[in-house]
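Data first, discussion second: the structure below is written as structure tokens.
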């Protein structure tokens, strides 16, 4: 939910909240790509019982993602770093990097993501902007 939250905050002028130091890295997949990949797996008998990573490998730090959302929305929102110990209970740990290895699914069914991060962001920005306009928020 990080992308929709960043977009909503940017569009409404709220501070864009980044938890931790923002250096944690993620890869965000487009739901249409993922659904298509899952459908290919369902139709492939050799996939039965297998475990597959799916998603996208275009990697970005969470802080860079917040900055990209700010630029794409033309927002004046500030980006605020919130330490984990202020946001979560004691002992919370976050993975520094989450990026799927798509080798196995690509080799079996030819899965390749087709929608990149900037296009995903444009979709989410347009959808959130429309929803916020309908609510009279922006």
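Computed from the coordinates by the stated procedures, all read-outs in this text should not be read as laboratory data. Only a predicted model underlies this, so the values are computations on that prediction, with no experimental measurement involved. No Cβ is skipped: glycine too gets one built from the backbone with ideal geometry, and neighbour counts run over all protein chains shown.
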Legend entry - Subset of the range 112-138 (residues that are part of a helix (DSSP H, G or I), more than 28 Å from residue 37 (Cβ to Cβ) and free of Cβ contacts under 8 Å to residues at least 24 places away in the same chain): 133, 134, 135
Inset, instruction - Just give me the residues in the range 49-60 being without any contact (Cβ under 8 Å) to a residue 40 or more places away in the chain and touching a helix residue (DSSP H, G or I) at 6+ places or on another chain (Cβ under 9 Å), in sequence order. - result: 51
Inset, instruction - Report yes if some residue within the range 63-86 is over 30 Å from residue 133 (Cβ atoms), out of contact with any helix residue (DSSP H, G or I) (no Cβ under 8 Å at 6 or more places or on another chain) and either free of Cβ contacts under 8 Å to residues at least 24 places away in the same chain or assigned to a strand (DSSP E or B) (or both); otherwise report no. - result: yes
Inset, instruction - Quick one: count up the residues across the range 98-111 that are surrounded by fewer than 12 Cβ atoms within 10 Å (Cβ to Cβ) and either more than 20 Å from residue 50 (Cα to Cα) or within 20 Å of the chain's Cα centre (by Cα) (or both). - result: 1
Legend entry - Hits in the range 45-62 (condition: surrounded by 15 or more Cβ atoms within 10 Å (Cβ to Cβ) and farther than 14 Å from residue 28 by Cα): 47, 52
Legend entry - Residues (touching a strand residue (DSSP E or B) at 6+ places or on another chain (Cβ under 7 Å) and assigned to a loop (DSSP other than H, G, I, E, B)) located in the range 1-23: 15, 21, 22, 23
Legend entry - the range 38-56, residues that are under 11 Å from residue 111 (Cβ atoms) and in a loop (DSSP other than H, G, I, E, B): 44, 52, 53, 54, 55, 56
